[in-house]
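Q: One structure follows; several queries about it will come next.
Derivation of every value follows stated rules applied to the coordinates shown; laboratory data play no part. In this text the structure is predicted, and so the values were computed from the model without any measurement. Virtual Cβ from ideal backbone geometry, glycine too; neighbours counted across all protein chains shown.
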């Protein structure tokens, strides 16, 4: 038996989490370094996965399979396709930056404050989330996936509820109330989704007799497993609901602005750039493969919801007064694009959606982390409290602008590629939807530029006059993200090469072919 | 040779990267690096041009495939370049005028502490613009298209401390985004119709589509593509209805206005239309829309130009109007493409020259932009006066100068459209020529002639209250001492003036320019209903009339320092014909209300449903918790009762 | 007589024991009632054993007795320690099990 | 009577035994529930258990019947009695209900449960009665042993562990580590003085020359009993014998008698006086 690479990739951060949590309270810095080193080692393993993965090879590679609960046919089955590899790489890349960006976020508050901030816990929880996210991307057993899909909520709950911004405009008491509200809201939303999914998972077991994604998908493909139309639809809805909450899709989105607003910036990045991707990823892997007919049946409704998400999220982002909530609503808009790309059922749409997941992760991380640096300097999340930062902290403003430009999908930066692919993919099958979604790019420009203008330009406000520019640690966080944004914008081929075969497979799972161009069709 | 194309783009890109990432260490030499790399690009352009001239006209197109950009099933986007005569024309214009303006900026921006960054942005602009014109497919063109938009955004808002500049930059970007939406929809339409969006295959497929009668509704598709491309062009080239950003864009430093908002970027829309000529040729409805937009804009811009007292805004109106001419010509089909580009090039020379002249005037007048506070400057800035004057003569179409050749041809072609359309379009173009002569003469007279109004009324403060101490050190409040600009600024002006004088004749005589472009754009001679000579004579005549009117109003009477109230039209024109007010009321206010109400809805309705559910649950459980009295025996009763119910249920199930 | 009557008797005893659990407050008496319920079950098991003609039922009853013994030991120990702490053996006095 | 039918029914002797002892068992169970004092409940329960043991024997479960008597009745019930003794009497012994509606609900549930259970048994098809003749052929104990040490050996081992755990658990629960030094007599005396209550030792029970039992309260000078003299446990159980009325009556009678005697002696005196006169 070969080395269980996938297990190792997931187990390493888990062990790291335990080790970090076990570091004595006095050695705070040691815990930070330990977490950073573990996350970097995980990155190395993820890169190994990336290298060992052969895009033209079998659909699921590096597979591992062991019996787990034989009575219920639950197996410990791991395997990655191109989409999963890309997302694992994204996760592994982002976590070190998140850790580095949150270096001081969990330090004990200045003396006199009663709040207890367990530094070790903060970093251990981040690593725990990483482990769970990675194994969710790897699991090819529905039950195994479900367990970690749900288990993720626990560390996230503590990350949101336990660690807020250092300063808060309404005082520590209010902040704690709002934080716990946000954390509970996050938990409840996702638990409800998860419970409905659990019912669907059990239903799937009753119908199919086991939990193996590959076996069920194969049985569905060769016709040996027939589901009644209504059964398939109900099961699909059960799965989709959970993923739509996680993703999040309108109107199940309201937990995200609260969670992202109250959490520290690195945790907010963890939510939107890493954890939420599990939702969209699972739509692609589970909804489409297990329930192809029901997916096609639900497409019109889902496209409408995605479209509403795009426009609604963008409009609300324009109306926000809080920087982090603005980014949250922008993310809702972007998730609308991703879901639209998945359910457009075209190669371009799905490749674009996958690419979008990766790119959105990087671009939001860049924007949100810089926003976090900004907020930590002034101690306010309100846009109106800033002004003229460009003058005092040009590098901060510049990176913020690049993050913003990535968010508005400027060509040359990575998100453009994915957004355009999604739009083209949607347009070629549903022209009206595509055109309406295109309005989203105008609105994206509006909220980004308004944010930039109000915070960075104009006369220098007295409160920001002595704001320091980015420090070395912060620059180390932002610069690689910016480089990645530019590189993947100019040369996304490495990612698309990995993703394309997997998308081709998914397309054949749902028995869909790309619409042919008219000229060739005429020939 | 092909590799030089990539270098052409790479040189300024490298400059931008070095200058923007280099930090303060490069402050001392940054401007020279920027200028040098722009010049390198120009030299490369010239080398490529020489190489091109050495080939036969049919084989002049250079193609280079660099790498596969977005390879996805069924969707292939490449990074590849196509350099043909059309692109070449643009390359030379961009790098040539660009280099000159880099040079000029060294002087103009001398006292700005962020000069290095300014040159970085300028280089970024050059790279994006070059990418735009040498791209071999629409998607890559789109990259350049947005790239120039970004550079324009950064440069308009270069003086970010001024809220007006930041707002203007944002406005420009947003309005352009609306146009970009058109371009992206056009690309999507091409992809669904042809399966590709590379120039060559698309134009081939267009031909196949129109020749073969087997694709019903194909013209509708092509018209849709054409209209979307037109929307894109409107955004970038400030055509009605997306013109509102150009006037505000004058908040940027003057070299920026000269390079981006006069000579190059704003003409990208014309490039797009001419480049997509094959599509427009097959979609007459779209073509008609193009001509209408052009005609409306050329009058719109001209009227706005008449009313503005801000010298740069007056020139911006003029730019809008002149691009209207080009768009009009481009909408005329093969009879107009070449003339559109020819006017574009000559306009590039003289308008850049005019802007640089305006910048030179402002430089000497403590950044004063109000022409009512100029007057009689010809004595103090002779070189500026001469170069500006030559540009002025060129733009109004003074016989023999470059504007005369290019504009006259467009008017001719407009008449040659034939029928009522021809008469209307031609008439509009002719009227536009008259108004052009009027407002340009107005600018000329108010600036360089008449009494020295700046002497009587010491400059109060510039139009925008400046909060930036740097601007104050430039002495905005002191009495101006008009003086000639340094050599580094005047030399580019002189070069551009030479271009404005001779370029038209060089291109126009013997149809040299038309023949040069013909392999790319095609050409057919138009047949105006009246003879060409009549058109030319009437053009000159209306020009003279326009000049006369202007002289009567501004040359013979003193110009009031404070603007008179003016007629309704004047007041409307001062406010950009109320377009901004419309935008403000409908889009800005409406949008604000929409977003505000949506925020409210999200908070109360969407979130309210959830919170309401939570509250209901809370109330319900508050009632239920009274059952939890803490007595173990009570709990035991419920357990026992539950067991009884279970037995009953089992029995019932067995009974059934 | 039909041996099923043993089952009826077991049911009756079980019910009496359960009711006792519900109405008595003295923890010791409650405990005794629980023992009564367990014994009723044992009787049923023994009767079942006879019905089926194998000893499995008796085995279960045997195990029940063992477990009951263990339970009594721990349960009474709990009662004693609760009594020491509160000076009361009433189950109603331990009523903190509420929201 | 065919063999088939024999399996369905039992001998008349067993039937007689069932009806008599069954009645006793039910009465014992009811008494367990309704007796006011825990001791009585425990004794009634012991009676029921002995009856059940007989039933086990009658059902062929000889081993279990003996175990029932030895372990259950002999050991466990005695444990109960010990605890009753330790805990003593509390207010919990009152049969008055304190939770509203609890009694009615309990009776309702009990009635419903009983009826349903009976209906269930009646509903079940319990026609076959194989008897244990075959299973007990090699002796009941041997049969059980064979099962316990083969099929149920794992469970058996587990119960062993359970019992050990239970024993340890009981010790842990009831054992109290002494956390402070025991007070010396001197310290106790000093504490008493400091508190200022009952500086002298508590008064002894009993009435001089009449009663010396510990459950009889001593009388105060006015003849009323003093509770201080009796131990608290007895007080709580209400087991004080109050002899005050008796004592007062005695006193009254004594006085009466004394009066009578004095009067007589007076008269006697006078008589004697008279006599002496």
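Q: Arrange B:271, B:142, D:62 by Cβ neighbour counts within 10 Å, fewest through most, would you? Walk me through the numbers on the way to the answer.
A: Numbers: B:271 27, B:142 24, D:62 18.
Ranked by crowding around the Cβ, least crowded first: D:62, B:142, B:271.
Q: If you project the alpha carbons of chain B onto the principal axes, what extent comes out on each, in Å, largest first?
A: 110, 68, 54
Q: Let me know the mean shielding of B:170-183 by other chains, meaning the per-residue number of their Cβ atoms within 10 Å of its Cβ. Spell out each step's value before the answer.
A: Working: counts 9, 1, 1, 7, 6, 2, 2, 9, 4, 1, 6, 7, 1, 0.
Mean partner shielding for this stretch: 4.
Q: Based on the Cα gyration tensor of the range B:189-339, what are the three equivalent ellipsoid semi-axes, each the root of five times an eigenvalue, rounded to whole Å and given largest first? Before the final figure, lay out the partial values.
A: Numbers: eigenvalues 212, 41, 26 Å².
For the range B:189-339, the semi-axes come out at 33, 14, 11 Å.
Q: Which order, highest average first, do B:597-605, B:361-369, A:127-135, B:167-175 follow once you tally other Cβ atoms within 10 Å for each residue and take the mean per peptide?
A: Details: B:597-605: 15.0, B:361-369: 21.3, A:127-135: 27.8, B:167-175: 23.8.
Going from most to least packed, we get A:127-135, B:167-175, B:361-369, B:597-605.
Q: If the protein assembly as shown were replaced by its equivalent ellipsoid, with semi-axes equal to the square roots of 5 times the Cα gyration tensor eigenvalues, what would those be, largest first, whole Å? Provide the component values of the computation, followed by the final result.
A: Numbers: eigenvalues 1825, 333, 141 Å².
Result for the protein assembly as shown: semi-axes of 96, 41, 27 Å.
Q: Let me make sure I get this right: for the range B:527-589, a, b and c are the square roots of the gyration tensor eigenvalues over alpha carbons, sorted descending. Under 1.5 in a/c it's rounded, otherwise prolate if a/b > b/c, else oblate. Which is it?
A: Values: a/c = 5.37, a/b = 1.42, b/c = 3.78.
Cα axes put the range B:527-589 in the oblate bin.
Q: So for the pair residue A:219, residue B:592, with labels modelled 7 Å out along Cα→Cβ, what separation do we get in nm?
A: For the pair residue A:219/residue B:592, the computed spacing is 6.2 nm.
Q: Based on alpha-carbon centroids, what's the gap between the range A:460-523 and the range B:120-164 in Å, whole number please?
A: Spelled out, the Cα-based centre of one part sits 20 Å from the other.
Q: Would you mind pulling out the separation of the Cα centroids of the range A:272-331 and the range D:18-48, in Å?
A: So the separation of the two Cα centres works out to 70 Å.
Q: Right, here's the next one. Per residue of B:606-615, count partner chain C-beta atoms within 10 Å of its C-beta, then hand back the mean as an integer.
A: 3
Q: Here's another thing I want to ask about it. How many percent of the alpha carbon pairs in chain A exceed a separation of 44 Å?
A: Working: 15205 of 136503 pairs.
In whole percent, the long-distance tail amounts to 11.
Q: Which whole number gives the average count of other chain Cβ atoms within 10 Å of the Cβ atoms across peptide A:403-415? Let's see the in-between values first.
A: Values: counts 0, 0, 4, 0, 0, 3, 2, 8, 15, 8, 3, 0, 0.
So the per-residue partner count for this stretch is 3.
Q: Further question: So, in nm, how far is label residue D:134 from label residue B:455 when the simple model puts each one 7 Å beyond its Cα toward the Cβ?
A: 13.7
Q: Over 17 Å, how big is the tail of the calculated P(r) for the range C:1-86, in percent of all Cα pairs? Walk me through the intermediate numbers first.
A: Values: 2021 of 3655 pairs.
Tail fraction, whole percent: 55.
Q: Also, quick follow-up: Can you give the angle from 0 to 90° between the axis of helix A:28-52 and the longest principal axis of chain A, with both taken from C-alpha atoms, to the nearest 10?
A: Once rounded, one gets 30 degrees.
Q: In deg cm²/dmol and to the nearest 500, what is the mean residue ellipticity at 222 nm of the protein assembly as shown if only DSSP H runs of at least 4 residues count, each as -39500 (n - 2.57), divided by the residue total?
A: On the way: 64 runs with 1072 residues, N = 1555.
My calculation for the protein assembly as shown gives -23000 deg cm²/dmol from helical runs alone.
Q: Sort A:380-392, D:193-205 for me by packing, meaning the mean count of neighbouring Cβ atoms within 10 Å per residue, highest on top. Can you show the working numbers first?
A: Numbers: A:380-392: 19.8, D:193-205: 10.3.
Put in order of decreasing packing, that is A:380-392, D:193-205.
Q: I would also like to ask the following. If you line up the long axis of helix B:402-416 against the longest principal axis of chain B, both from Cα atoms, how many degrees apart are they, to the nearest 10?
A: Roughly 70 degrees between the two axes.
Q: Still on this structure: For each of D:171, B:639, B:88, B:181, count neighbouring Cβ atoms within 10 Å of the residue's Cβ, then give the residues from fewest to most.
A: Ranking D:171, B:639, B:88, B:181 by Cβ neighbours within 10 Å, fewest first, gives D:171, B:639, B:181, B:88.
Q: Something else: Would you calculate the separation in nanometres between label points at residue A:48 and residue B:502, each defined as 7 Å from the Cα along the Cα-to-beta-carbon direction?
A: For residue A:48 paired with residue B:502, the spin-label model returns 7.1 nm.
Q: In whole angstrom, how far apart do the alpha carbon centroids of the range B:332-367 and the range B:13-60 sit?
A: Taking the Cα centre of each part, the range B:332-367 and the range B:13-60 sit 22 Å apart.
Q: If one takes the longest principal axis of the Cα atoms in chain D, at what angle in degrees, from 0 to 90 and to the nearest 10, does the Cα axis of helix D:185-195 lie?
A: 70
Q: Compare the peptides A:477-486, B:24-33 by average per-residue count of other Cβ atoms within 10 angstrom and give them in order, highest first.
A: Values: A:477-486: 20.1, B:24-33: 15.7.
Per-residue mean Cβ counts within 10 Å order the peptides as A:477-486, B:24-33.
Q: When the gyration tensor of chain D is built from Cα positions, what are the square roots of 5 times its three eigenvalues, in whole Å, from largest to smallest? Walk me through the numbers before you get to the answer.
A: Working: eigenvalues 773, 194, 78 Å².
Working from the Cα gyration tensor, I get semi-axes of 62, 31, 20 Å.
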